[in-house]
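S.K.: Starting off with a structure, shown below.
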Amino acid sequence: MTKDLYEILGVAEKSSPDELRKAYRNLAKKNHPDANPDDSAAEERFKRISDAYDILGNPEKREEYDLMRQRGHDPFSGNSSGEGFGDLSDILRSMFGGGGGGSYGGGRPASRGVSRVSIEIPFVTAAKGGTVQRVLQLPVVCRACGGVGGSGKETCGSCGGTGRISSGQGFFSTMHPCANCGGRGYTLKKKCATCSGAGEVQSNEKVSLRIPPGAGDGTTLRTSVGGSTVLVQLRIKKDRFFTRQGRDILCSVTVTASQVVLGSTLMVRTLDGKAKLRIKAGTQPGTVLRMRGKGVIHNGVTGDQLVTVVVKLPAELNDEQRLLWTEIKEAGF
Ligand SMILES: [Zn+2]
Ligand SMILES: [Zn+2]
C-alpha cells in the first residue's frame, strides 16, 4: 500500500493543478462510497484519495510535501524507523496538524484531522436536493489556548522545532515524528486545562449542507467547519408513499373498482406537490402508469414517477350496493 501522495492519485510529480484535480475527480468518482455501497476497501481508498488531494491540491501544502520528498525524507514511503505509522490520516495529522509546530504551522490555526459524521435527511430532500442544517458535535480549535495546547511554549530541543527527527545516513535516512514533542515542534510548560493539551475540544457546530439532487443512501459529502474537514454520510429516511429506483420514483395509488372500470382522474403526490393522473377506463389492477419527468434529476437527466394502480374492492355492502353489484353480475361482469 503506497503512501506516496502522487502515486495515490496516479499522477506525475510535475503535474499541473488541473491535472491533479482531474485525477482526483476521476478517482473520487470511481471510489465514492455512493458508487460502492458496503465496500469498505473502496471507502478506505476514497479517504486516502481525499487526504492526498487535501495536500497536493493546496499549493502551500504541496510545496512543503515536495520539499520533504526531494530531501529524501519522504515521510510517507519509508517506515524503517519502526514508528507506529499506519493510517495515512495519522501521518497527515502529524505533518500538518497539531497546533502549529515546525515550519508549516507558524502560529496559524492548524488544519485538523478529518471528522466523520452521519446524518439523516428526508427522502424528498435527497431526491430533489436542497439545504439542510444540523448541529454536529465536532472537534474545534480550543479557544482557551488557541489550539496551542497550553502555555509556556518552547521550541522542542530534540527536533529544533521541525517536529521530525531523521535517523540513518544521507540518502537512506528517514524522517519520523519527534517523540519528545509528539511531532508538534514545541513543548509546553503547562497543559491547557480546557483541552488537556490536545489543542482542540468537542463543540456543537451549526453546519449547513447542500444536498445534491439524487443523493443516495450512504452518499458522503465533504465540508469544512472551522478549518477542519468533515465527511458527512447521508442516511435517507424512508417515505411512507415514495420509494426510489435510480432516477425513478415508485409509488402506488389505491382506487375503487368503478374508478378503473369507468376511468377517472386522481391527484397524486409527486416530489413537486400534487399532480393530475388520468386513469383510463378499463385500466387493469396492477397497471403501472408513468408520470413523465416527475422523477429525480441526476446528471441532467430526469426520471419518471411510476404509479402502480391498486384496486380495492368493497369488503361489505349495504342493501343498495348489493343490488347494484347483483345487476352487474346479471349483466355478465
Ligand atoms: Zn486548550
Ligand atoms: Zn520535537
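The values are calculated or read from the model by the stated rules, or taken from the named source; none is laboratory data. The structure displayed is predicted, hence computed values, not measured ones. Glycine also receives a Cβ, built like all others from the backbone with ideal geometry; neighbour counts cover every protein chain displayed.
S.K.: Go through the stretch 159-194 and give me each residue that's more than 16 Å from ligand 2 (Cβ to nearest atom) and modelled with pLDDT of 85 or more.
M.R.: 190, 191, 192, 193, 194
Here is a yes/no grid of residues against (1) more than 16 Å from ligand 1 (Cβ to nearest atom); (2) among the aliphatic types (A, V, I, L, M); (3) over 30 Å from residue 33 (Cα atoms):
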position	(1), (2), (3)
128	yes, no, no
133	yes, no, no
163	yes, no, yes
183	yes, no, yes
191	no, no, yes
201	no, yes, no
207	yes, yes, no
214	yes, no, no
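S.K.: Give the residues of the stretch 300-333 that are closer than 30 Å to residue 214 by Cβ and not in a loop (DSSP other than H, G, I, E, B), sorted by residue number.
M.R.: Result: 301, 302, 305, 306, 307, 308, 309, 310.
S.K.: Does the stretch 14-36 hold any residues that are exposed (fewer than 13 other Cβ atoms within 10 Å of the Cβ) and either out of contact with any Pro (no Cβ under 8 Å at 6 or more places or on another chain) or part of a loop (DSSP other than H, G, I, E, B) (or both), and which are they?
M.R.: 14, 16, 18, 25, 29
S.K.: Against the definition (modelled with pLDDT under 85, within 16 Å of ligand 1 (Cβ to nearest atom) and at positive phi), how does residue 197 come out, yes or no?
M.R.: Here the answer is no, as residue 197 does not meet what is asked.
S.K.: Residue check: is residue 126 modelled with pLDDT of 90 or more and farther than 30 Å from residue 251 by Cα?
M.R.: no
S.K.: Would you mind stating whether residue 187 is away from ligand 1 (no atom under 16 Å from the Cβ), farther than 30 Å from residue 206 by Cα and of a type in the set (Val, Ile, Thr)? Spell out the reasoning first.
M.R.: On the way: away from ligand 1 (no atom under 16 Å from the Cβ): no; farther than 30 Å from residue 206 by Cα: yes; of a type in the set (Val, Ile, Thr): yes.
For residue 187, the condition - away from ligand 1 (no atom under 16 Å from the Cβ), farther than 30 Å from residue 206 by Cα and of a type in the set (Val, Ile, Thr) - is not met.
S.K.: Here are the criteria: (1) outside the structural domain of residue 298 (by TED's automatic domain parsing); (2) farther than 30 Å from residue 28 by Cα. Tell me which single one residue 251 does not satisfy.
M.R.: (1)
S.K.: Still on this model: Name every residue in the stretch 261-309 that is of a type in the set (Val, Ile, Thr) and surrounded by 13 or more Cβ atoms within 10 Å (Cβ to Cβ), in order of residue number. I'd like the intermediate steps shown before the answer.
M.R.: Our first condition is that a residue be of a type in the set (Val, Ile, Thr); within the stretch 261-309, this holds for 261, 265, 268, 270, 279, 283, 287-288, 296-297, 301-302, 307-309.
Within the stretch 261-309, 261, 268, 270, 279, 283, 287, 296, 297, 302, 307, 308, 309 meet the criteria.
S.K.: Which one of these is more than 23 Å from residue 213 (Cβ to Cβ), in contact with a helix residue (DSSP H, G or I) (Cβ under 6 Å, 6 or more places away or on another chain) and not assigned by TED's automatic domain parsing to the domain that holds residue 211: 283, 287? It would help to see each step written out before you state the result.
M.R.: Working: 287 fails: in contact with a helix residue (DSSP H, G or I) (Cβ under 6 Å, 6 or more places away or on another chain).
None of the others qualify; the one that does is 283.
S.K.: Select from the stretch 146-189 the residues that are part of a strand (DSSP E or B) and aliphatic (A, V, I, L, M) and write down the one among them that is surrounded by the fewest Cβ atoms within 10 Å (Cβ to Cβ).
M.R.: Only one residue tops the list, namely 165.
S.K.: Now for a different question. List pairs: first residue in the stretch 186-212 and in contact (Cβ under 8 Å) with a residue 60 or more places away in the chain, second residue within 16 Å of ligand 2 (Cβ to nearest atom) and assigned to a strand (DSSP E or B) anywhere in the structure, Cβ distance under 7 angstrom, at least six positions apart or on different chains.
M.R.: 186/154; 186/155
S.K.: Quick one: is residue 62 assigned to a helix (DSSP H, G or I), within 20 Å of the chain's Cα centre (by Cα) and of a type in the set (D, E, K, R)? It would help to see each step written out before you state the result.
M.R.: Values: assigned to a helix (DSSP H, G or I): yes; within 20 Å of the chain's Cα centre (by Cα): no; of a type in the set (D, E, K, R): yes.
In short, no.
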